Amino acid sequence: MLQLTEQRLPVMSNTPPLNALRVFESVARLKSFSKAAEELHVSQSAVSRQISLLEGYLEVQFFHRDRTGIRLTELGQQYFEGIQPAFERIADATRGLTAHLEDEPLRIRVYSTFAARWLMHRLPRLNKAHPHLRIRITTAIAPVDFTSERVDAAIQLGDGEWEGLHSDFLFVDELRPVCRPKLVSGLPTSRTPEQVFKHRLIHSYYRKQDWSDWFASAGIEYSMEQDPFMLPSSLLAYQAAHDGLGIAIAQTRMVEQELRSGTLIYFCEHTFTRGLGYYLVSQPNSPRESKIACFRDWLMEEIGSKLLPGQQPNP
């Protein structure tokens, strides 16, 4: 990902700031600030700042600007012709380096709960539909950082805005309390949100706000008790609910199997949908874009599928 800074550096060597050089090459080649901004996935103002930085650094004017657009000055044209072959060699070297990546697995980073509760039992269908697409899954809680991790794409929870990255919406973050059927044996089917207080509430450490947000959406005041039944992950919270230890606040997409089999049920009808969702996040112009696109298309098919997790379509 191209990161643009506004810092003006003193002339200390014959090599100007590389970000500014990359922007200059793009503007000069495309003959447009806006097209360069689109190619580099930054704002047009960021492009203008980088050109000003480079011109100030070298004390040279590279572009004539008028109502019809921009054109290179004589010195700008000479400089462009001098540096463009270097960028072409870099591109050629990169193509050679990344050619072997076609044989490597696609590296996908997800949350542990997402992997265990939604993705893993669907992978047999991915293998059947795309036998040549191999994936390697890693899990982490922290936001993905493509600059420091060997990751091709990640499934992240957020609002869809990741600066400089491409994101595809998968589904919303929907919350609803779940429990074992025996826990509500004898209670009416039309249970109210207030009735959850008659039972132990199961909390997940990494989703501490889920109960509070759900109660707030139902217009109920709630203050977490001094010593809540807190478990390290949503995975364990769902398992605790499954084992009859109380009521867990669940991301509905993560308990689909249990709901369909009847081992878990919704405690009541009230549902809270956050202004957040799960997204497939990747870098623009990734050398592995074709494989990412294949995985993305499969995800979208799965999300719209009515098949049970793990169930194969009829041949």
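The values are calculated or read from the model by the stated rules, or taken from the named source; none is laboratory data. Treat the numbers as computed from the prediction; the structure is a model and nothing was measured. All Cβ positions, even for glycine, are placed from backbone atoms using ideal geometry, and neighbour counts span all protein chains on display.
A compact table of results
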{"quantity": "Residue satisfying condition, being farther than 30 Å from Asp173 by Cα, without any contact (Cβ under 8 Å) to a residue 12 or more places away in the chain, surrounded by fewer than 13 Cβ atoms within 10 Å (Cβ to Cβ) and aliphatic (A, V, I, L, M), within set Ala91, Ala142", "calculated": "Ala91"}
{"quantity": "Residue in the stretch 78-92 that is out of contact with any Lys or Arg (no Cβ under 9 Å at 6 or more places or on another chain) and under 24 Å from Tyr206 (Cα atoms) present", "calculated": "no"}
{"quantity": "Criterion: closer than 30 Å to Ala237 by Cα and not hydrophobic (A, V, I, L, M, F, W, C) - qualifying residue of Arg122, Arg89", "calculated": "Arg122"}
{"quantity": "Segments classed as strands (runs of 3 or more DSSP E), wholly inside the stretch 111-197, with at least 3 members that are under 20 Å from Gln251 (Cα atoms) and in the same structural domain as Arg288 (by TED's automatic domain parsing)", "calculated": "153-158, 166-179"}
{"quantity": "Tally, over the stretch 251-262, of residues that are outside any helix (DSSP H, G or I) and over 13 Å from Phe114 (Cβ atoms)", "calculated": "1"}
{"quantity": "Residue list for the stretch 114-139, restricted to those being of a type in the set (A, V, I, L, M, F, W, C) and without any contact (Cβ under 8 Å) to a residue 40 or more places away in the chain", "calculated": "Ala115, Leu119, Met120, Leu123, Ile137"}
{"quantity": "The listed residue being in the same structural domain as Ile292 (by TED's automatic domain parsing), in contact with a Phe, Trp or Tyr (Cβ under 8 Å, 6 or more places away or on another chain) and assigned to a helix (DSSP H, G or I), out of Ala216, Ala237", "calculated": "Ala216"}
{"quantity": "Selection status of Val47, more than 27 Å from Arg150 (Cβ to Cβ), at pLDDT below 90 and aliphatic (A, V, I, L, M)", "calculated": "no"}
{"quantity": "For Ala154: the one exception among (1) without any contact (Cβ under 8 Å) to a residue 12 or more places away in the chain; (2) within 26 Å of the chain's Cα centre (by Cα)", "calculated": "(1)"}
{"quantity": "Filter result for Ile83 (in a helix (DSSP H, G or I), at pLDDT below 95 and surrounded by 13 or more Cβ atoms within 10 Å (Cβ to Cβ))", "calculated": "yes"}
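Each row is one residue, and each column tells you yes or no for (1) buried (at least 16 other Cβ atoms within 10 Å of the Cβ); (2) modelled with pLDDT of 90 or more; (3) touching a Pro at 6+ places or on another chain (Cβ under 9 Å).
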| residue | (1), (2), (3) |
| --- | --- |
| Ser13 | no, no, no |
| Ala37 | yes, yes, no |
| Ser43 | no, yes, no |
| Glu55 | yes, yes, no |
